[in-house]
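Readers should treat all values here as calculations from the given coordinates under stated rules, not as data from a laboratory. These figures come from a predicted structure and were not determined experimentally. Positions of Cβ are generated from backbone atoms using ideal geometry, with glycine treated the same way; all protein chains shown enter the neighbour counts.
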């Protein structure tokens, strides 16, 4: 179980969910930190579970509650109505820039808590924010999952080790877009799986156990190499 903390960024103060490894070792012995960026559904049960999982792997993991900029306590499920609601929140003018500022603050927060290196990972909308963290910020590594807005920011170039994960059945992100990213960014690890959008979320109908397991194994290997 994690805890709620306050996170101050240039965009304002928000909450965040912090998960620590069991039997936290001395600060200088932590594997590193991971910022977990939510889907369009907020820091809900699934995102807290993902954050807890990274903590179980020895990382100090932090999930900023970006929706606090709009209203506190927003946690959505996976229905057509909540999908529309979540999309409305993330499409709020200026919200993307605020999220990037929040990620920057989250990276610094983890470093103040003893992590020497920090990675960023995110899912759905969070995959797009993770990409922007790789191009605009300086985390030590980024692993983004099926970010629908990455193609729109395809001309931004990552300056840190980056990998991306997509489902080849994802109607929101055509493989032509994925392959264009491969061409534009040969230094980025880009994987695709025989799966749909949201394949890593076991609370969605599109969850794909095999794709989720393989993508997470690659993420952990990548973070192990670049973060600790």
TODO: Quote the relative contact order of the range 3-226 in percent (integer), defining contacts as alpha-carbon pairs under 8 Å separated by 6+ residues.
DONE: 17 percent
- [ ] Would you compute, from DSSP H runs of 4+ residues alone, the mean residue ellipticity of the chain at 222 nm, taking -39500 (n - 2.57) per run and dividing by the full residue count, rounded to the nearest 500?
- [x] -11500 deg cm²/dmol
Open item on the list: Given a 10 angstrom Cα cut-off, can you work out which residue in 94, 15, 42 is the most mobile in a GNM of the chain?
Closed with: 94
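Using R₀ = 25 Å, calculate the FRET efficiency as 1/(1 + (r/R₀)^6) where r is the Cβ-Cβ separation of residue 87 and residue 45; round to 0.05.
Details: r = 20 Å, r/R0 = 0.79.
According to the calculation, E is roughly 0.80.
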Open item on the list: Using Cα springs under 10 Å in a Gaussian network model of the chain, which residue among 60, 164, 181 shows the largest mean-square fluctuation?
Closed with: 181
Open item on the list: Test of understanding: in a Gaussian network model of the chain with alpha carbons linked when under 10 Å, which of 11, 215, 134 would top the mean-square fluctuation ranking?
Closed with: 11
TODO: For residue 169 paired with residue 203, estimate the spin-label separation in nm (one decimal), with each label point 7 Å from Cα along the Cα-to-Cβ line.
DONE: 2.2 nm
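If neighbour count is taken as other Cβ atoms inside 10 Å, put 204, 65, 87 in order from fewest to most.
87, 204, 65
Sort largest first and round to whole Å: the equivalent ellipsoid semi-axes of the chain, each the square root of five times a Cα gyration tensor eigenvalue.
Numbers: eigenvalues 113, 83, 61 Å².
Semi-axis lengths for the chain are 24, 20, 17 Å.
Tally the DSSP beta bridges in the chain and give the antiparallel ones as a percent, rounded to 5.
Working: 11 of 34 bridges.
Percentage antiparallel, nearest 5: 30.
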- [ ] Could you please state, rounded to a whole Å, how far the C-alpha centre of the range 184-228 is from the C-alpha centre of the range 128-177?
- [x] 12 Å
